[in-house]
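The values are calculated or read from the model by the stated rules, or taken from the named source; none is laboratory data. These figures come from a predicted structure and were not determined experimentally. Heads up, the Cβs are rebuilt from the backbone with ideal geometry, glycines too, and the neighbour counts pull from every protein chain shown. Quick note on the areas: whole protein, heavy atoms, side chains included, nothing else; ligands and nucleic acids left out. Shrake-Rupley method; radii C 1.70, N 1.55, O 1.52, S 1.80 Å.
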Amino acid sequence: MNESLTNRDRYINRELSHLSFHLRVLAQATSERHPLLERLKFLLIFSNNLDEFFEIRVAGLQKLVDHGTSSVSMDDRSPQETLNEISRICHYAINEQYKVLNEKIFPALAQQNIRFIRRSEWTQRQKEWVYEYFQKNVLPVVSPIGLDPAHPFPRLANKSLNFIVSLKGRDAFGRQCTHAILPAPKSLPRIIPLPPEIADTGYHYIFLSGMIHAFASELFPGMIIRGCYQFRLTRNADLNFDEDIVEDLAIALKGELSSRRYGDAVRLEVADNCPPDISDFLLQQFELDKADLYRVNGMVNLSRMMPVTELNIPHLRYRPFRAGLPAILQKHESIFEALQKKDILLHHPFESFETVIDFLRQAAKDPDVLAIKQTFYRTGQNSDILNLLMEAARRGKEVTAIIELRARFDEEYNLEIADRLQRAGAIVCYGIVGYKTHAKMLMVVRREGDALRRYVHLGTGNYHAKNAKLYTDYSLLTTHPEICNDVNQLFQQLTSIGKSARTKWLYHAPFTLHRKILQLINTETKNAQEGKHTEIILKVNALTERQIIDALYEASQAGVKITLIVRSICCLKPGITDLSENIRVISIVGRFLEHTRIYFFHNNGDRRIYLSSADLMDRNLLHRIETCFPILDTDLFERVFRQGLEPYLQDTEDSWQLKSNGQFQQITPNISLNDTAQASAQRYLLQLLSSSYGE
C-alpha cells in the first residue's frame with residue numbers, strides 16, 4: 001500500500017459519509033424525474049434520517065467531546081473537527097430543504113389543488129372553523145406552563161413540538177410572568193385537513209402551529225402576547241447500560257427505554273422569526289452552543305406531513321405494481337412440495353414477501369411440522385409472522401424465537417412480542433449478551449415418512465412485511481442438507497453454550513465471516529499478481545471496516561477490477577493513483593431503499609456469490625451475529641448476477657459516483673422516467689419480475 005499517503009488521503013470520515021447519504025436522499029426531492037408526492041416524501045424522509053443522525057451519530061460525537069477524549073476517526077479528524085463539519089453541512093442542507101419545500105414543492109402542490117394555508121391567508125369562514133376546532137380539540141388538552149420560581153423550565157421530551165410564548169402583564173395572583181412554555185400534546189395532529197365545504201376543491205390543510213399562534217391569547221387570558229415561537233429539541237436517543245453486569249436483559253432494557261425521551265440535548269430547532277434573545281434563552285436552558293441552533297422557515301418537524309404523501313392521486317405518485325411469484329410456486333400449492341424439487345430465490349420487493357409468510361403459515365398448520373425456529377430483529381406492528389408463530393406454538397409445535405431486544409428504536413415492541421410469544425407457549429431467547437443478533441434465519445423441521453427434513457429461509461432483510469415492500473432484499477428458501485445443518489448449528493449456538501459452530505457452507509460473524517471475506521479478497525489479489533483474470537463486486541449498505549478496506553486497496557494495486565455498490569457509508573476513497581485507481585464506487589438512491597448485501601468474486605473462473613445479513617462494518621463483522629450464505633444452484637447464481645448486480649452497474653438514472661475527494665457526484669440522467677430502457681435498475685426489475693407494473 002502507498003504508505004506515503006496520510007489517513008485523510010486514504011479514508012473518508014464515517015459520520016460525514018453517513019451524512020452524505022442523507023444529502024443524496026434530499027437531492028431526490030429536487031428532481032422532477034420523480035412524481036410530485038414522491039418528491040415530497042423524499043424531503044420528509046430526509047427529516048427522519050437527519051433526526052436519527054443527530055440522535056445517534058452527533059450525540060455520540062458530542063459525548064466524546066464532553067468526556068475530553070483524544071480519539072480520532074479513520075481520517076484523523078478529532079470528534080470536535082467532525083462536529084464542526086457536520087454543523088456546517090447540516091445548516092446548509094436544512095436551509096436548502098426548506099427552500100425546496102417553500103419555493104418548489106408547495107407551489108407545485110398548489111397547482112394540483114393541494115394547499116397548506118398559512119394563517120395570514122385564512123378566509124373569514126376558515127377562521128371561524130379553525131377557532132371552533134381550537135376550542136373543541138386543542139384548548140381542552142394543552143397545558144401552558146408559566147415560568148416562575150414555582151414553575152421552573154419543564155423537562156421536554158425528545159423531538160416534541162413546543163412553543164415559547166413571550167408575555168406582558170400580571171396574572172390573577174399579581175405575578176409578572178414574561179415567558180411560558182406550551183408543549184403541544186402528542187395526540188394532536190400537526191396538520192389538519194379542512195372540510196370540503198370551506199376548502200373549495202382539492203385538499204387544504206391548516207398547520208397546528210399556525211392555529212396555536214393565532215389563538216395563543218385564549219391560553220393566557222388577560223395577558224398581552226408579545227410573541228409565540230415554535231421549537232423542537234433533539235436529544236441523545238441511544239441506550240446505554242453495562243451488559244456485563246446485567247442479570248436480566250429484558251428488565252434492564254425496560255428501565256432504559258423511559259430515559260430515551262430525556263437524554264442529553266444535541267440540537268435545537270426554532271422558527272426563523274424567533275428573536276435572538278429567545279433562542280439564546282432556550283440554548284442556555286438546554287446547555288447548547290449556537291452551532292447547535294437551527295432556524296427553519298416552516299414546521300420544525302416536517303415528517304408530520306407524511307400522510308399527505310399517501311393521497312390517492314395516481315399521477316402524483318409512482319406507478320403501482322403487484323409483486324411477482326417464481327414460476328415454481330405457481331405450479332405447486334405446497335411450498336414444501338416446491339422446495340423438494342428446487343431452491344427458491346425471491347428478490348423483494350419485486351417478488352412477493354408473502355411467499356415467506358405463506359411458508360410459515362403452511363408450517364404452522366401442517367401436522368407433520370414438529371418444530372420452528374426463527375430469529376427476530378424487526379417485524380413491524382401487527383406482524384403476520386408473529387401471529388403465525390403464536391398459532392404454531394398453540395398447536396403444540398416446538399417454537400423457538402431468538403429476539404434481538406436492542407434493535408434500535410424497536411426495543412419496546414420487541415419486548416412486547418417476546419411477552420406475547422411466551423404467553424403462547426413459545427421458547428424465547430434474547431441471543432448473546434454483547435452481540436446483537438442480526439442474522440435472518442427461519443428453520444422448519446418436518447416429519448416425512450420415517451425421516452425428518454429441515455426447510456430453511458435465509459435473508460438479507462428483516463422479517464418485516466412493510467419494509468419488504470420498500471427495501472430491496474433477497475430471500476433464499478432451501479432444503480440443501482448441509483446448509484440446513486449449518487443453520488441448525490447456528491441456532492444451537494445462539495440458544496445453548498458451547499464452542500463456535502463448525503459450519504460447512506455458512507460463514508457467520510463474529511467468528512468466520514470477517515476472515516472469509518479477507519481470504520476471498522486476498523485470493524483475487526494473488527490471482528492478479530499471477531496474471532489471472534480477477535474481479536470483485538460488492539453490494540452493501542456500508543463499508544467501514546478498516547482491514548477490508550486495506551485489503552481492497554492492496555487488491556486494486558495488484559490490478560484487481562473492483563466495483564463497490566454502497567448505498568450509504570463508504571470510508572474507502574476510490575480513484576487514487578497507486579492506491580485505488582482500479583476501484584469504482586457507486587451509490588443507488590431510488591424509489592426503494594437498497595438493502596441487499598451481495599459479495600461476488602471471480603475466483604479465476606470458479607465464480608462465487610454470497611448473500612449476507614452483514615454490511616462490511618466493524619459492528620457487523622466483529623460485534624454481531626450475522627450470516628453469509630452461498631448461492632450454490634447454477635440458475636439462481638446467474639439470477640443474482642444478472643438481476644442483483646448487472647442492472648445496478650448500468651444504472652444511469654438513480655446512480656451517484658464517489659470521487660477521489662470523498663464527494664458523491666450524481667451521474668447525469670439521460671433517459672426519461674417513463675422510458676422502458678434499462679436506465680433505472682429498480683424500474684427494470686419492476687418490469688422484469690413483478691406480475692404487473694403501472695396498471
Can you give me the % of accessible surface on the chain that is carbon or sulfur? Probe 1.4 Å, all protein chains present, nothing else counted.
47
Across segment 377-392, in residue order, what do the Karplus-derived ³J(HN,Hα) couplings come to in whole Hz, using 6.51 cos²θ - 1.76 cosθ + 1.60 with θ = phi - 60° and x for Gly and Pro?
10, 10, 10, x, 5, 6, 6, 4, 4, 4, 4, 5, 5, 5, 4, 4
Taking the Cα centre of segment 305-426 as origin, sum charge times position over the Cβ atoms of Lys and Arg (+1) and Asp and Glu (-1), and report the length of that vector in debye to the nearest 20.
180
Furthest towards positive pole of dipole, 151, 135, 164, structure part segment 117-168, Cβ charges:
164
Normalised by the number of residues in segment 487-644, what is the relative contact order in percent for Cα pairs under 8 Å and 6+ residues apart?
26
Kirkwood calc, the chain, C-alpha pairs only, radius in angstrom 27.7
Under a 1.4 Å probe, what is the accessible area of segment 324-461 per residue, stated in Å²?
38
So how far apart, in nm, are the two label points at residue 171 and residue 71 if each is 7 Å from Cα heading toward Cβ?
4.6
Report for the chain the percent antiparallel among DSSP-assigned beta bridges with both residues inside it, nearest 5.
70
Tell me the net charge near residue 562. Cut-off is 14 Å between Cβ atoms, residue 562 excluded, with +1 for each Lys or Arg and -1 for each Asp or Glu.
-1
Would you pull out the residues with amide H under 5 Å of residue 114's amide H, same chain only if 5 or more places away, H placed 1.01 Å from N?
203
Charge tally in the Cβ shell below 10 Å around residue 79, where Lys, Arg are +1 and Asp, Glu are -1, residue 79 excluded
-1
Amide H of residue 572 versus every other amide H placed in the peptide plane: which residues, excluding those fewer than 5 positions away on the same chain, fall under 5 Å?
12
Taking Cα pairs closer than 8 Å and at least 6 residues apart, the relative contact order of the chain in percent is 12
Against the longest principal axis of the chain, how steep is helix 513-529, in degrees 0 to 90 to the nearest 10, with axes from Cα atoms?
60
Quick one: Karplus J couplings for segment 303-312, per residue in order, coefficients 6.51, -1.76, 1.60, θ = phi - 60°, nearest Hz, x for Gly and Pro?
4, 5, 8, 3, x, 5, 5, 9, 4, 7
On C-alpha positions alone, give me the angle between the axis of helix 276-286 and the longest principal axis of the chain, in degrees, nearest 10.
50
Would you please give the residues with an amide H less than 5 Å from that of residue 585, counting only those at least 5 places away or on a separate chain, with H modeled from the backbone geometry?
564, 658
Burial order of peptide ranges 561-568, 212-219, 189-196 (average beta-carbon count within 10 Å, highest first):
561-568, 212-219, 189-196
Tell me the mean residue ellipticity at 222 nm calculated for the chain from its helices only (DSSP H runs of n ≥ 4, each -39500 (n - 2.57), averaged over every residue, nearest 500).
-10000 deg cm²/dmol
Net charge (Lys, Arg +1; Asp, Glu -1) of residues whose beta-carbon lies under 10 Å from that of residue 573, residue 573 excluded, is +1
Give me the percent of DSSP beta bridges within segment 449-600 that run antiparallel, rounded to the nearest 5.
35
In nm, to one decimal, how far is the modelled label at residue 452 from the one at residue 550, with both set 7 Å along Cα→Cβ?
4.5
Length gained if residue 608 through residue 535 is fully extended, taking 0.36 nm per residue and subtracting the Cα-Cα distance, is 25.2 nm
Over segment 168-237, what is the relative contact order in whole percent, taking alpha-carbon pairs under 8 Å and six or more residues apart?
30
Under 12 Å from the 7 Å Cα→Cβ point of residue 88, by amide nitrogen: which residues of segment 284-306?
none
What are the ³J(HN,Hα) couplings of segment 21-33, residue after residue, when phi is run through the Karplus curve with 6.51, -1.76, 1.60 and θ = phi - 60°? Round to Hz, x for glycine and proline.
4, 4, 5, 5, 5, 4, 4, 5, 5, 8, 8, 6, 5
